[in-house]
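Down below is the structure, laid out as structure tokens.
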Amino acid sequence: MDADYKADYLVFEVDSEYKADLLVHKVDREYKAKYNKGLWFFTDRDYKADFEIFFVDREYKADLTVFFVDRDHKAGWRNDAKRLALEFPVLE
């Protein structure tokens, strides 16, 4: 994604877990990214994506703040109000 106006969600990466709406773990296989639990798979083509994000350079521009964690069991929502408001697609 090369422009913010094309994105479904604008995302800002924070420097601490406690500042994040969502703790994200990058998974290595598409099938592992489901149930809207912070397990994200980054595709190499836009048409393969369930939604498109754009990383912004300022927190105030973001729809969502994320912190990347090193283990899948650490991933998840910290802000339920934001989870409900953004209506991320839930893959089952």
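The values are calculated or read from the model by the stated rules, or taken from the named source; none is laboratory data. Values in this document were obtained by computation on a predicted structure and should not be read as measured data. Using ideal geometry, Cβ is built from the backbone for each residue, glycine included, and neighbour counts are taken over all protein chains shown.
Check residue 17 against each of (1) closer than 15 Å to residue 4 by Cβ; (2) modelled with pLDDT of 95 or more and name the one condition it does not meet.
In the conditions (1) closer than 15 Å to residue 4 by Cβ; (2) modelled with pLDDT of 95 or more, residue 17 misses (1) alone.
Of all residues in the stretch 40-65, count the ones that are farther than 15 Å from residue 8 by Cα and among the aliphatic types (A, V, I, L, M).
0
Pick out, from the chain, the strands (runs of 3 or more DSSP E) lying fully within it that include 2 or more residues that are loosely packed, with under 12 Cβ neighbours inside 10 Å.
The strands (runs of 3 or more DSSP E) meeting that bar number zero.
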